[in-house]
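Participant: Before I ask anything, here is the structure I am working with.
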Amino acid sequence: MSPTPIRLAIVNDYEIVVHGVAAVLEPYRDRVEVVELDSRLPVISDVDVLLYDTFGQVQGDAVDIDQLVSGGEARIVIFTWNVQPELVDRALSRGAAGYLSKGISAEDLVKGIEAVHAGETITAGVDLNGDDVSTLGTWPGVDHGLSAREAEVIALITQGLSNQEIADRCYLSINSVKTYVRTAYRKMEVTRRSQAVLWGIAHGFAPDRSRTIEPNAD
């Protein structure tokens, strides 16, 4: 364990997602200090580790590690549902130092961050195979009963992606995407894609642009 808390930035296009992960880490603030939360903005604080949450984001070798680091020396941890071996290998080959499943516990997430900070390259978690299981944090639409995967699909529909593009982005089968669309629409009480987009815009599914610097961060 580091003698002083590890300085961490959390990055995702959705403010609710980054704040949800920060809330999960709050009980461990003596070990990991969240100093910055960014949605569609580059990290500007001096941090040790950058946690990239893949909700609604590109994955694998499509992640631009250099842009995330933006000239700094932070080590990158990918935090995701998709832990297929080829994705892990491609992300690590691009420069990520850690690849952690959202199915792990908060304690294991902290341990993974600590291991990366200590210079290790680490992977942790089980293959979730696209299924909804217990997952850390929160997401848009959770208060409307949407599961994490349903919410991600609706977020990408709101961004204008087709079902096939969503399948490619999320590494799901097209049938799985159609199932998530159908169950999400039922909960949202919509029947058409145009209605889903309008619902998504009205309920926080459009990407945010925000930065939060924690008060104690230098």
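Participant: Regarding the range 58-68, can at least one residue be identified that is at positive phi and surrounded by fewer than 14 Cβ atoms within 10 Å (Cβ to Cβ)?
Facilitator: Filtering the range 58-68 for residues at positive phi gives 60.
Subset that is surrounded by fewer than 14 Cβ atoms within 10 Å (Cβ to Cβ): none.
So far as the range 58-68 goes, no, none of its residues is at positive phi and surrounded by fewer than 14 Cβ atoms within 10 Å (Cβ to Cβ).
Participant: Do we find that residue 123 is modelled with pLDDT under 95, open to solvent by 70 Å² or more (accessible area, probe 1.4 Å) and not aromatic (Phe, Trp, Tyr) in this structure?
Facilitator: Judged against the criteria, residue 123 is a match.
Participant: Something else now. Give 15, 26, 86 a once-over and let me know the one that is open to solvent by 50 Å² or more (accessible area, probe 1.4 Å) and free of Cβ contacts under 8 Å to residues at least 24 places away in the same chain.
Facilitator: Values: 15 fails: free of Cβ contacts under 8 Å to residues at least 24 places away in the same chain; 86 fails: free of Cβ contacts under 8 Å to residues at least 24 places away in the same chain.
Criteria check complete, one pass: 26.
Participant: Also: Return the residues of the range 139-163 that are assigned to a helix (DSSP H, G or I) and more than 19 Å from the chain's Cα centre (by Cα); say none if nothing qualifies. Let's see the steps before the verdict.
Facilitator: The first filter runs over the range 139-163 and keeps only residues assigned to a helix (DSSP H, G or I), leaving 142-144, 148-158, 163.
Hits for the range 139-163 are 144, 163.
Participant: If the Cβ limit is 7 Å and pairs must be 6+ apart or interchain, which residue in the range 164-179 that is part of a helix (DSSP H, G or I) pairs with which residue that is small (Gly, Ala, Ser)?
Facilitator: Close Cβ pairs satisfying both conditions: 167/173; 174/167; 176/130; 177/167.
Participant: Tell me the residue from 160, 204, 145 that is touching a helix residue (DSSP H, G or I) at 6+ places or on another chain (Cβ under 6 Å), at positive phi and either of a type outside the set (D, E, K, R) or open to solvent by 60 Å² or more (accessible area, probe 1.4 Å) (or both), please. Even if it seems obvious, please write down each step before you answer.
Facilitator: Numbers: 160 fails: touching a helix residue (DSSP H, G or I) at 6+ places or on another chain (Cβ under 6 Å); 204 fails: touching a helix residue (DSSP H, G or I) at 6+ places or on another chain (Cβ under 6 Å).
When all the criteria are applied, what remains is 145.
The values are calculated or read from the model by the stated rules, or taken from the named source; none is laboratory data. What you see is a predicted model, and the numbers here were worked out from it, not measured in a lab. Cβ: placed from backbone, ideal geometry, glycine included. Neighbour counts: every protein chain shown. For the accessible areas, the whole protein counts, side chains as well, though only heavy atoms, and no ligand, DNA or RNA atoms are used. Shrake-Rupley method; radii C 1.70, N 1.55, O 1.52, S 1.80 Å.
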